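Remarks on the structure that follows.
The values are calculated or read from the model by the stated rules, or taken from the named source; none is laboratory data. Given the structure is predicted, the values throughout are model-derived calculations rather than measurements. Note that each Cβ is placed from the backbone with ideal geometry, even for glycine, and that neighbours are counted across all protein chains shown. Heavy atoms of the whole protein, side chains included, go into the accessibility calculation; ligands, DNA and RNA do not. Shrake-Rupley method; radii C 1.70, N 1.55, O 1.52, S 1.80 Å.
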Amino acid sequence: MEFSRLRKFTALAGVASLALVAAGCSGGGDKAASADNPVTLTVTTFGTFGYDDLYAEYEKQNPGVTIEATNIDRGSNARTDAFTKLAAGSGLSDVTAIEEGWLGSIMEVSDQFVDLKEHGAEDIKGNWVDWKFKQGTDPNGRVIGYGTDIGPQALCFNGKLFEAAGLPSDREKVAELFGGKDASWETYFKLGRQYKEATGKAWYDQSGFVWNSMVNQMDEGYYTKDGKLNVEGNKEMRAKFDMLAAGTADGLSSNQTQFDWGNGKAFVDGSFATHVCPAWMLGTIKGQLESAGGGAASGWDVADVFPGGASNWGGAFLSVPKSSKHPAEAAKLAAWLTAPEQQIKQSAAANNFPSTLEAQAKIVEAAKPNELFNNAPYGAIFESRAEGVIAQFKGPDDSVIQENVFGPALKMLDSGKGNADQAWNEAVKLLNDLVVNN
């Protein structure tokens, strides 16, 4: 990712907004789609959304609508794509997915997106858990995104590897092993050292995902609730960083590449035994196992426990940019894709967890086991993990800090090229280069 360009795109977005208004692109009076008035709607998502069958279903229910879908491999690349097009003043899809991590950046240019209250958002706001609907609402009270999934965190573990190390493999006993409701990161790293001593192998895939999980549990993360940067001089954050650095120095990290894992090989060859698992991560692991020829026999499971307690990582929103030539039709599609009935189907296809109350309840009631994860009661586990989640404020450069400030610093730790002080200082330097002074 070209970070200087990315910052430039953000700065230019306000100019692009004026251009869009001047061009008269934001109108809401587009004629309804029908067989006699065909409309093509473009949609851009990222990662694993599970929408392919839903697109076909919507087209069948709505004669005259054709959906042209683009899926970008990961959220960070989708961010670059979105801000490139915002800066250019054109090119955003009629329905554009936004990731929670860069929602703060979007809020700075929220005037470039349709207020979904003009298309019935107030009538359906009760569909969602309160905090998810609030996240999609800008400071001026405009609703710019309908929530798709949320990312309550559980702990994935490999039962076969646990057994080989003399640890319990039953998911309920694993939850107890980590401390149940009192699970802590101290216990997580302590068990990791025991596992390393017993097997000689790593405990987690790499430090970046563990770090992001730790930060997401803080009352205030990279930004304070009033939008101020919250890294330098943050003693609580530094203490967590030092704890992770000590674990990595003891060989608990497998030094994998994020969202790669050797094309999934690390999930089947015993490279590591645990993985932080926001609900959507199960879909990612599924794809990795399939790429590497693995499956249910690979030994992965998920336990209703997480070090440090309740936490949310990720989740997305569907927005409609003002540049859309068909804002009413696009808003209709976004509302349909995020309705409870469709979120249930999306959850089945993408292995994520819905943000609407009705969809959550029906998934739990159905009690459908996840065969890939040792028949884990997926719905019940993530409903439990969602209890007590408080959405953390995400500032405009939250995802940049996560990936491009702390990412390289944590890679230093994983590769053994720096200690905690050196890595932290590198993060502070990058923070100033990429965020503070840019």
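Just give me the residues in the stretch 60-76 being more than 17 Å from Ser324 (Cβ to Cβ), modelled with pLDDT of 95 or more and open to solvent by less than 60 Å² (accessible area, probe 1.4 Å), in sequence order.
Ile72
Just name the residue that is surrounded by the fewest Cβ atoms within 10 Å (Cβ to Cβ) out of those in the stretch 266-295 that are among the small types (Gly, Ala, Ser), assigned to a loop (DSSP other than H, G, I, E, B) and in contact (Cβ under 8 Å) with a residue 40 or more places away in the chain. Explain how you work it out, then say what you get.
Within the stretch 266-295, the first condition is being among the small types (Gly, Ala, Ser), and the residues that meet it are 266, 270-271, 273, 279, 283, 287, 291-295.
Then drop every residue that is not assigned to a loop (DSSP other than H, G, I, E, B), which leaves 270-271, 273, 279, 292-295.
Adding the requirement that they be in contact (Cβ under 8 Å) with a residue 40 or more places away in the chain leaves 270-271, 273, 279, 295.
Details: Gly270: 17, Ser271: 18, Ala273: 29, Ala279: 29, Gly295: 13.
So the residue we want is Gly295.
Can you tell me which residue in the stretch 115-129 is nearest to Ser399 (Cα to Cα), limited to those that are open to solvent by 10 Å² or more (accessible area, probe 1.4 Å) and either modelled with pLDDT under 95 or aliphatic (A, V, I, L, M) (or both)? Before the answer, list the steps.
Going residue by residue through the stretch 115-129, those that are open to solvent by 10 Å² or more (accessible area, probe 1.4 Å) are 115, 117-120, 122-127, 129.
Still in the list and also either modelled with pLDDT under 95 or aliphatic (A, V, I, L, M) (or both): 124, 129.
Values: Ile124: 29, Val129: 23 Å.
Only one residue tops the list, namely Val129.
What number of residues within the stretch 181-234 satisfy the criterion of being under 21 Å from Ala273 (Cα atoms) and in a loop (DSSP other than H, G, I, E, B)?
8
With (1) of a type outside the set (A, V, I, L, M, F, W, C); (2) more than 17 Å from Cys156 (Cα to Cα); (3) open to solvent by less than 10 Å² (accessible area, probe 1.4 Å) as the list, and Asp301 as the residue in question, which single condition is left unmet?
It fails just one condition, (2).
Inspect the stretch 33-41 for any residue being at pLDDT below 95, buried (at least 21 other Cβ atoms within 10 Å of the Cβ) and in contact with a helix residue (DSSP H, G or I) (Cβ under 7 Å, 6 or more places away or on another chain) and give the result as yes or no.
So far as the stretch 33-41 goes, yes, one or more of its residues are at pLDDT below 95, buried (at least 21 other Cβ atoms within 10 Å of the Cβ) and in contact with a helix residue (DSSP H, G or I) (Cβ under 7 Å, 6 or more places away or on another chain).
Pick out the one residue from Val210, Val305, Val268 that is of a type in the set (Val, Ile, Thr), farther than 22 Å from Gln135 by Cβ and more than 23 Å from the chain's Cα centre (by Cα). Walk me through how you get there before you give the answer.
Working: Val210 fails: more than 23 Å from the chain's Cα centre (by Cα); Val305 fails: more than 23 Å from the chain's Cα centre (by Cα).
Selected residue: Val268, the only one of Val210, Val305, Val268 that is of a type in the set (Val, Ile, Thr), farther than 22 Å from Gln135 by Cβ and more than 23 Å from the chain's Cα centre (by Cα).
Would you check if Gly314 is within 30 Å of Pro377 (Cβ to Cβ), modelled with pLDDT under 95, not in a helix (DSSP H, G or I) and not basic (Lys, Arg)? Can you show your working first?
Working: within 30 Å of Pro377 (Cβ to Cβ): yes; modelled with pLDDT under 95: yes; not in a helix (DSSP H, G or I): yes; not basic (Lys, Arg): yes.
Judged against the criteria, Gly314 is a match.
For the stretch 241-265, give me each residue that is open to solvent by 40 Å² or more (accessible area, probe 1.4 Å) and not hydroxyl-bearing (Ser, Thr, Tyr).
Asp242, Met243, Ala246, Ala249, Asp250, Asn255, Gln258, Phe259, Asp260, Gly262, Asn263, Lys265
Here are some conditions: (1) modelled with pLDDT of 95 or more; (2) farther than 27 Å from Thr40 by Cβ. Ala339 meets all but one. Which one does it not meet?
The failed condition is (2).
So Tyr222 clears everything in (1) farther than 28 Å from Gly251 by Cα; (2) buried (at least 21 other Cβ atoms within 10 Å of the Cβ); (3) of a type outside the set (Gly, Ala, Ser) except one condition, right? Which one?
(1)
Here are Gly180, Gly251, Gly270: which of them is on the phi > 0 side of the Ramachandran plot and in contact with a strand residue (DSSP E or B) (Cβ under 8 Å, 6 or more places away or on another chain)?
Details: Gly180 fails: in contact with a strand residue (DSSP E or B) (Cβ under 8 Å, 6 or more places away or on another chain); Gly251 fails: in contact with a strand residue (DSSP E or B) (Cβ under 8 Å, 6 or more places away or on another chain).
Exactly one residue qualifies, and that residue is Gly270.
Looking only at the stretch 317-340, count every residue that is in a loop (DSSP other than H, G, I, E, B) and either touching a Lys or Arg at 6+ places or on another chain (Cβ under 8 Å) or small (Gly, Ala, Ser) (or both) and tell me the total.
If we filter the stretch 317-340 for residues that are in a loop (DSSP other than H, G, I, E, B), which is where we start, we get 320, 322-326, 338-339.
When the remaining residues are screened for being either touching a Lys or Arg at 6+ places or on another chain (Cβ under 8 Å) or small (Gly, Ala, Ser) (or both), the result is 323-324, 339.
The total comes to 3.
Out of the stretch 348-357, which residues are at pLDDT below 95 and either open to solvent by less than 10 Å² (accessible area, probe 1.4 Å) or over 15 Å from the mean Cα position of the chain (by Cα) (or both)? Spell out the reasoning first.
Initially, the stretch 348-357 is screened for residues at pLDDT below 95, giving 348-352.
Answer for the stretch 348-357, where residues must be at pLDDT below 95 and either open to solvent by less than 10 Å² (accessible area, probe 1.4 Å) or over 15 Å from the mean Cα position of the chain (by Cα) (or both): Ala348, Ala349, Ala350, Asn352.
Can you say whether Ile344 is within 19 Å of the chain's Cα centre (by Cα) and without any contact (Cβ under 8 Å) to a residue 40 or more places away in the chain, as far as the supplied structure shows? I'd like the intermediate steps shown before the answer.
Numbers: within 19 Å of the chain's Cα centre (by Cα): yes; without any contact (Cβ under 8 Å) to a residue 40 or more places away in the chain: yes.
So Ile344 passes the test.
Has the stretch 383-403 got any residue that is open to solvent by 50 Å² or more (accessible area, probe 1.4 Å), assigned to a helix (DSSP H, G or I) and farther than 30 Å from Val436 by Cβ?
yes
Working carefully through the options Ala121, Ala154, find the one that is in contact (Cβ under 8 Å) with a residue 12 or more places away in the chain, under 21 Å from Gly309 (Cβ atoms) and not acidic (Asp, Glu).
On the way: Ala121 fails: under 21 Å from Gly309 (Cβ atoms).
None of the others qualify; the one that does is Ala154.
Of the residues that make up the stretch 328-340, is at least one hydrophobic (A, V, I, L, M, F, W, C), surrounded by 17 or more Cβ atoms within 10 Å (Cβ to Cβ) and closer than 24 Å to Gly295 by Cα?
No.
Among the residues of the stretch 90-144, what is the count of those that are among the small types (Gly, Ala, Ser) and more than 18 Å from the chain's Cα centre (by Cα)?
Our first condition is that a residue be among the small types (Gly, Ala, Ser); within the stretch 90-144, this holds for 90-91, 93, 97, 101, 104-105, 110, 120-121, 126, 136, 141.
Filter once more, keeping what is more than 18 Å from the chain's Cα centre (by Cα): 90-91, 93, 110, 120-121, 126, 141.
So the count comes out to 8.
Take Ser105 and tell me if it is buried (at least 22 other Cβ atoms within 10 Å of the Cβ), of a type in the set (Ser, Thr, Tyr) and in a helix (DSSP H, G or I).
Working: buried (at least 22 other Cβ atoms within 10 Å of the Cβ): yes; of a type in the set (Ser, Thr, Tyr): yes; in a helix (DSSP H, G or I): yes.
Judged against the criteria, Ser105 is a match.
It is to be established whether one or more residues within the stretch 248-257 are under 17 Å from Gln153 (Cα atoms), of a type outside the set (A, V, I, L, M) and within 21 Å of the chain's Cα centre (by Cα).
no
Condition (residue is farther than 20 Å from Arg238 by Cα and surrounded by fewer than 21 Cβ atoms within 10 Å (Cβ to Cβ)) applied to the stretch 417-427: is it met by at least one residue?
Residues of the stretch 417-427 that are farther than 20 Å from Arg238 by Cα, as a first pass: none.
There is no residue in the stretch 417-427 that is farther than 20 Å from Arg238 by Cα and surrounded by fewer than 21 Cβ atoms within 10 Å (Cβ to Cβ).
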